[in-house]
Amino acid sequence: MYFIEELKRIQKIHQLISCQCTGSPDELAASICVSRRDLYYILHGLKKLGAKISYSRTKKTFRYTNDFDLSMELKVSFIGEKELNVLGCGAVNATFVLDIPCNFIAWNV
């Protein structure tokens with residue numbers, strides 16, 4: 001389930017950027033348990049999706065400079081008995097909605 005953890009990580013970054021409470025690049029990387037280089041790869045991926053991201057040195061936070069929103073939903077559903085025999089899967093019917101709240105807001109006044 002590595003990809004689910006990656007999706008959660010991306011959603012957490014998005015929410016922290018949205019509320020402008022990321023901290024420095026090193027702090028953000030540490031909070032999501034990746035290296036600084038990996039953080040910039042993730043930010044590059046968000047930029048490829050249309051996000052315009054800048055870093056404010058005075059506020060010490062990343063922020064969106066456009067109206068960017070990211071909505072992710074992962075659905076797993078039953079695919080049918082014939083496909084189950086071929087794939088060897090069990091019957092699954094579930095929906096996972098990733099929703100990670102921004103637990104803190106750090107405003108630099």
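The values are calculated or read from the model by the stated rules, or taken from the named source; none is laboratory data. No experiment lies behind these values; they were computed from the predicted model shown. Cβ: placed from backbone, ideal geometry, glycine included. Neighbour counts: every protein chain shown. Quick note on the areas: whole protein, heavy atoms, side chains included, nothing else; ligands and nucleic acids left out. Shrake-Rupley method; radii C 1.70, N 1.55, O 1.52, S 1.80 Å.
Here are some notes:
- Extreme residue, nearest to the chain's Cα centre (by Cα), among residues of the range 29-40 that are outside any loop (DSSP other than H, G, I, E, B) and surrounded by 12 or more Cβ atoms within 10 Å (Cβ to Cβ): Leu39
- Residue match in the range 55-71 (condition: surrounded by 14 or more Cβ atoms within 10 Å (Cβ to Cβ), at pLDDT 90 or above, within 13 Å of the chain's Cα centre (by Cα) and outside any loop (DSSP other than H, G, I, E, B)): no
- Selection of first residues in the range 29-41 that are basic (Lys, Arg) and of second residues that are assigned to a loop (DSSP other than H, G, I, E, B), restricted to Cβ pairs under 8 Å at least 6 apart or on distinct chains, gives an empty result.
- Top-ranked residue of the range 12-26 - restricted to ones that are open to solvent by 30 Å² or more (accessible area, probe 1.4 Å) and assigned to a helix (DSSP H, G or I), ranked as farthest from Tyr55 (Cα to Cα): Lys12
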